[in-house]
Amino acid sequence: MSNLSEIKEQIILHAKVVGVAKKAHDKLKTGKRDTIPFQLYVEMNGDTTVIEAKAVIDSSGTWTNPNPILSNGI
């Protein structure tokens with residue numbers, strides 16, 4: 001866990017992000033998408049919670065969903 005006071009209280013351990021969306025927007029709407037917050041659907045202790053965020057960094061990798069183009073043994 002981080003020792004940086006700026007982010008230490010914002011880190012949530014033992015949680016799984018099960019969905020990410022833009023608040024009140026769908027994929028076809030583009031107006032002001034950059035100013036609309038993300039909604040993260042997070043499972044913690046068997047419950048799903050919605051958390052709003054200005055930005056999302058996806059560092060999950062492709063362990064359970066590899067890229068099929070790179071998975072053919074080339």
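Amide H neighbours of Lys22 under 5 Å, at least 5 residues apart or on other chains, H built in the peptide plane: list them.
Gln39
Students often check this: by mean Cβ neighbours within 10 Å, which of 33-40, 3-10, 49-56 ranks highest, and how do the rest follow? Walk me through the numbers on the way to the answer.
Working: 33-40: 13.1, 3-10: 8.4, 49-56: 10.8.
The most tightly packed comes first, giving 33-40, 49-56, 3-10.
Go through region 54-60 residue by residue and turn each phi into a ³J(HN,Hα) via Karplus (6.51, -1.76, 1.60, θ = phi - 60°); whole Hz please, and just put x for glycine and proline.
These are the phi-based 3J(HN,Hα) values: 6, 8, 9, 10, 8, 10, 6 Hz.
If I model a spin label as a point 7 Å beyond the Cα along the Cα-Cβ vector, how far apart are those points for Asp34 and Lys54 in nm?
1.4 nm
Let me check I've understood the local charge: for Val17, count other residues with C-beta under 12 angstrom from its C-beta, Lys and Arg +1, Asp and Glu -1. What total comes out? Don't jump to the answer; show the numbers that get you there.
Numbers: positive: Lys16; negative: Glu43, Asp58.
Neighbour charge sum, excluding Val17 itself: -1.
Values in this text are rule-based calculations from the coordinates and carry no lab data. Note that this is a predicted model, so its numbers are computed, not measured. No Cβ is skipped: glycine too gets one built from the backbone with ideal geometry, and neighbour counts run over all protein chains shown.
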